[in-house]
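One structure is given here, and the rest of the page talks about it.
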Amino acid sequence: MFNKALAELDVTSKSLVSDLWQRQNAEDLIFKSSTANEEASPASLRAAAAYVEALLAYGLPPQNPELWKIAERCDQPVLDKSQMRFDAVEMYRLEILLQLRPTSKTTADLLLALARLYMEHKDDLSQSDPYNTVWTIKILAFARQKRVLGELVKDEVILKSINDLLPKTHRPADIALLLYLQHKLKGSTTSTLERYIKKLVDIAEEGDGFWGASPENKPMLAALKAHHFKAVDLINQRERLRDIIFNTCTVIENLSPLVGDYPVLEKPVQRAMTQWWNVFKGADALSTLQILFPSSYDYLLVTSRTLGAANAFVGHAIASLNERPLAYNQPDLLLESPPILEPQGEPEEVAFTHFYPSTLEIGTYSPLHVYIHLLSLWEKVQADFEARDNMDVKPMSLTEPSSAPFARGTTFTIIPQIFGVKVKPERMDVTWEDDIEHVQFEVKPKPDAKIELGLKGSVRIYVGSLVAAELPIVCSSGKFLITETRKYATETRPRYKKIFVSYSRKDSAVVKAIVRLYSKYPDIKTFIDYDFLQAADYWWPTIQQKIEESDVLQLFWSVNSAESPNVDDEWRYAMKLSRPIVPVILEPKPPIPPELQHIHFEEFDRFIERL
């Protein structure tokens, strides 16, 4: 019977994940500065990928704030697909996005580029680096598992590459990965798998239970298992030890799912996992691993691979086996709280305030501050901004109350849009817990910005698909100054309490289901045609009247709505009245009219995820 138990799993796994969380800054794993426009290095993205793997293996959700930061850094548009150079940076970036945002447009663009490159060179494996080819196959197979590969690469093509690569592959980690992928795709005969499984079993026996070890490494491994090692003894062997642990953990991760079908794997997999785990398990896990791997980079990579192996070995997310798993937002405390906060308590009067510079310089990032706060605390918000004011020019500001009261724990999505201006990051999700919450964006005019016309836009705040508030932005670039500037404008704008719903009748089933969710906000009134149009009504004047009464037009966009003359009339009339338009895309790539292309279209998968 395959014994999946690991001694002191609870205390060991929680101490490792807590330490990773506290010592790592997710953004710094990829960019040294949150404001510098610099390229990520392969090493930094490899570290980020390891960090993502460690937190997911433990059982934290992709919505975790630290994982979200990394996803946001990686989810940057591919600007010129024709000139794209697919290197290690893009490979790691795609690996991360497949785990955190498998359906994003950036993921699709990167996956398409990799698939094309693979199809062009799949018949030249003899001239390829086997490691990179295995890596490519791994990513394509993972995309298949996430159901986003489609018909870009067929299973039989991947299987042929695996069969061609196996005789040329020597690293145990790569052999195990190829066997796992072959098993998942069900494309090999039992005899083929058994031949390479026996090879891995023999390698483990020769390596004293580890994969990737040679005979001269046996004294080091024996001392390791007996806990007789000293830091000074490892000075000249640390890199070798890291490679052995890497190979061993990767083999465990890929062979553990095969044990049920191939019992011959049970003993070597169990031996390898338990003997490595027993080296550091327990209350001293951190100090032991830090002695073995004093480099922060090596420590992160080894810890990540170890947690990934443990996750595959026990067959569950590690947190699910902990008595009191770590809370996703408080890794240093052992809490029995859910991974995603839910609104709690009575709804309160919430407001939103932004501060931004009255002028922007081309080529230079400037701060944009956004606050979520109790409506009564505007003066404290102003004081907080003045304490952190990092603007070189006079700031502009506006406060707007939310469209409805909200309870603590509500998550707001903040999306700034300024035409001709790059915003970094493009969006943030903020859970309102404290009286005042603050976030900072960086904004920079694009080189082709039409500065003579001024720079205009807004900060739009959503709860799900509901627009909670919209804060306008009007500034200038360089010498084109706005003539009427205000400091700390305290007047507020009307709330969005009335929403006109524009959609095609062909999409009515999904739209009606979504609109029903608005009923949980008693202050919000929706105008949708089946509610207000009666038999014998002159429908267009009635539609116009409801748009005039509305604060915002919610546009559900699809191929059907793009072809609907009625929908076209509705959004054009709203635009004529200067009503805000909030579009949601119901399906991939419907045509967008030029008049609407400056507006942010919420992707349906993100919209549903937030809803």
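The values are calculated or read from the model by the stated rules, or taken from the named source; none is laboratory data. From a predicted model like this one, the values you see are computed outputs, not experimental measurements. Neighbour counts run over all protein chains shown; Cβ positions are idealised from the backbone, glycine included. Each accessible area value is taken on the protein alone, full model and side chains, heavy atoms only, with ligands, DNA and RNA left out. Shrake-Rupley method; radii C 1.70, N 1.55, O 1.52, S 1.80 Å.
Restricting attention to the range 428-466, the residues that are open to solvent by less than 20 Å² (accessible area, probe 1.4 Å), modelled with pLDDT under 70 and either closer than 19 Å to Y365 by Cβ or in a strand (DSSP E or B) (or both) add up to 3. Being out of contact with any helix residue (DSSP H, G or I) (no Cβ under 6 Å at 6 or more places or on another chain) and charged (D, E, K, R): is that true of D284 here? Answer is yes for this residue. Taking N254, is it in contact with a Pro (Cβ under 9 Å, 6 or more places away or on another chain) and under 25 Å from V314 (Cα atoms)? So N254 does not fit the description; no.
The combined condition, being touching a Phe, Trp or Tyr at 6+ places or on another chain (Cβ under 6 Å), at pLDDT 85 or above, buried (at least 19 other Cβ atoms within 10 Å of the Cβ) and more than 30 Å from S15 (Cβ to Cβ), is not fulfilled by V370.
Tell me, which helices (runs of 4 or more DSSP H) wholly within the range 149-216 include 3 or more residues that are within 16 Å of Y262 (Cβ to Cβ)? Walk me through it before giving the result.
On the way: elements: 155-165, 172-185, 190-206.
Because the criterion is at least 3 residues that are within 16 Å of Y262 (Cβ to Cβ), the helices (runs of 4 or more DSSP H) in the range 149-216 that meet it are 172-185, 190-206.
With respect to the conditions (1) assigned to a helix (DSSP H, G or I); (2) open to solvent by 40 Å² or more (accessible area, probe 1.4 Å); (3) closer than 23 Å to D243 by Cα, T136 lacks only one, and its number is (2).
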